[in-house]
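Asker: Can you keep this structure in mind? I'll have questions shortly.
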Amino acid sequence: MAHAERGMSAPPEVVFNTATDPARASAWLPAPLRSDGAPTPEIRGEELSARWRAPSPADLTAEIRVDPEDSGGSRIRFDLAGETGRPDADRLATEALDNLAREVADNLQAS
């Protein structure tokens, strides 16, 4: 399993809504999860968490959880599981959160 975590200055609801927006998900999710558009996530809105499953043969799942920070920002945890032994899994997780941060910034500027 690969794991990445980072803070963002946006409120948790903005980060979560951006992450689960189908129009934006394909811009930040790792490529194996984007085949023919991003798969529909299993959303647990009250927990601000969601899970995506890649269609076979990738057998990859991604899960995000957004928690509030004292400063009014967010702490985002992103986990990738599946394809055990994948050498670039940690890099994929970190890149996904970097891409999500750009999408959140774009979303805030568009508001």
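Asker: What number of residues within region 64-80 are open to solvent by 30 Å² or more (accessible area, probe 1.4 Å) and not acidic (Asp, Glu)?
Answerer: 6
Asker: If you don't mind, there's one more thing I want to ask. I need every pair where a residue in region 43-66 that is aliphatic (A, V, I, L, M) and in a loop (DSSP other than H, G, I, E, B) has its Cβ under 7 Å from the Cβ of a residue that is open to solvent by less than 20 Å² (accessible area, probe 1.4 Å) and at pLDDT below 90, sequence separation at least 6 or different chains.
Answerer: From region 43-66, the pairs are ALA54/LEU33; ALA54/LEU60.
Asker: Name, by its number, the condition in (1) modelled with pLDDT of 95 or more; (2) surrounded by 20 or more Cβ atoms within 10 Å (Cβ to Cβ); (3) over 10 Å from the mean Cα position of the chain (by Cα) that does not hold for ALA50.
Answerer: It fails just one condition, (3).
Asker: Here is a follow-up. Of all residues in region 33-47, count the ones that are closer than 18 Å to SER74 by Cβ, open to solvent by 50 Å² or more (accessible area, probe 1.4 Å) and modelled with pLDDT under 90.
Answerer: Step one: list which residues in region 33-47 are closer than 18 Å to SER74 by Cβ, which gives 41, 43-47.
Subsequent filtering for residues that are open to solvent by 50 Å² or more (accessible area, probe 1.4 Å) retains 43-44, 46-47.
Now narrow it down to the ones that are modelled with pLDDT under 90: none.
So the answer is 0.
Asker: Search region 1-22 for residues that are in contact (Cβ under 8 Å) with a residue 24 or more places away in the chain and pair each with any residue that is of a type in the set (Phe, Trp, Tyr) and part of a helix (DSSP H, G or I) when their beta-carbon atoms are under 8 Å apart and the residues are at least 6 apart or on different chains.
Answerer: Within 8 Å, the pairs are ALA19/TRP28.
Asker: Could I ask something else about it? Out of region 90-105, which residues are over 17 Å from THR61 (Cβ atoms) and among the hydrophobic types (A, V, I, L, M, F, W, C)?
Answerer: ALA101, VAL104, ALA105, listed by residue number.
Asker: Starting from residues that are of a type in the set (D, E, K, R) and part of a helix (DSSP H, G or I), keep the ones in region 1-32 and report whichever is surrounded by the most Cβ atoms within 10 Å (Cβ to Cβ).
Answerer: Within region 1-32, the match that is surrounded by the most Cβ atoms within 10 Å (Cβ to Cβ) is ARG24.
Asker: Quickly run through region 81-93 and pick out the residues that are crowded, with 16+ Cβ neighbours inside 10 Å and assigned to a helix (DSSP H, G or I).
Answerer: Answer for region 81-93, where residues must be crowded, with 16+ Cβ neighbours inside 10 Å and assigned to a helix (DSSP H, G or I): ALA89, LEU92, ALA93.
The values are calculated or read from the model by the stated rules, or taken from the named source; none is laboratory data. Keep in mind the model is a prediction, meaning the values are calculated, not measured. Because the Cβ atoms are built from the backbone with ideal geometry, glycine has one as well, and the counts that use them run over all protein chains shown. These accessible areas exclude ligands, DNA and RNA; they are computed on the full protein's heavy atoms, side chains included. Shrake-Rupley method; radii C 1.70, N 1.55, O 1.52, S 1.80 Å.
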